[in-house]
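The structure appears right after this line, and notes come after that.
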Amino acid sequence: MTEVVLRIDGMHCGSCIRRVTQAIGTAGPFKVEEVRLGAARFEAPEADATAAIAALAKAGFAARVEA
C-alpha cells in the first residue's frame, strides 16, 4: 500500500469532512487514514489517486495530489 495525500478545496465544516471521507472510501480499495479541512490522507494499492479525485469532483470538491 502507498500513502496518498490530497489537498482538497471547498471544505468548510464537519459535513464536508464526512462527505470527503465517504467519497474516498467508496471510490476504490482505499483505506482512509485522516480527513481534515483542506486535506485527506489514505492508503492505496498503488500511488494512483485518480479514482479518489474523480469521486471528490463528483461530490463537489476539487482535489490534487500533494507534492
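The values are calculated or read from the model by the stated rules, or taken from the named source; none is laboratory data. These numbers come from a predicted model, not from an experiment. Reconstructed Cβ throughout: ideal geometry from the backbone, glycine too, with neighbour counts over all protein chains shown. Just so you know, the surface numbers come from the protein's heavy atoms only, side chains and all, with ligands and any DNA or RNA stripped out. Shrake-Rupley method; radii C 1.70, N 1.55, O 1.52, S 1.80 Å.
Output the number of the condition that Leu6 fails; it satisfies all remaining conditions of (1) in contact with a strand residue (DSSP E or B) (Cβ under 9 Å, 6 or more places away or on another chain); (2) free of Cβ contacts under 8 Å to residues at least 40 places away in the same chain; (3) surrounded by 14 or more Cβ atoms within 10 Å (Cβ to Cβ).
Only one criterion is unmet by Leu6, namely (2).
Go through the stretch 31-53 and give me each residue that's free of Cβ contacts under 8 Å to residues at least 24 places away in the same chain and either farther than 14 Å from Arg64 by Cβ or among the β-branched types (Val, Ile, Thr) (or both).
Once the filter is applied, which keeps residues that are free of Cβ contacts under 8 Å to residues at least 24 places away in the same chain and either farther than 14 Å from Arg64 by Cβ or among the β-branched types (Val, Ile, Thr) (or both), the stretch 31-53 yields Val32, Glu34, Val35, Arg36, Thr50.
Which of the residues belonging to the stretch 30-59 are open to solvent by less than 60 Å² (accessible area, probe 1.4 Å), under 12 Å from Ile8 (Cα atoms) and part of a loop (DSSP other than H, G, I, E, B)?
Matches in the stretch 30-59: Gly38, Ala59.
Of all residues in the stretch 13-29 being under 15 Å from Glu3 (Cα atoms) and either at pLDDT 95 or above or of a type in the set (Gly, Ala, Ser) (or both), which is least open to solvent (accessible area, probe 1.4 Å)? Can you show your working first?
Going through the stretch 13-29, the residues under 15 Å from Glu3 (Cα atoms) turn out to be 24-25, 28-29.
If we keep only those that are either at pLDDT 95 or above or of a type in the set (Gly, Ala, Ser) (or both) as well, we get 24-25, 28.
Details: Ile24: 0, Gly25: 38, Gly28: 27 Å².
The selected residue is Ile24.
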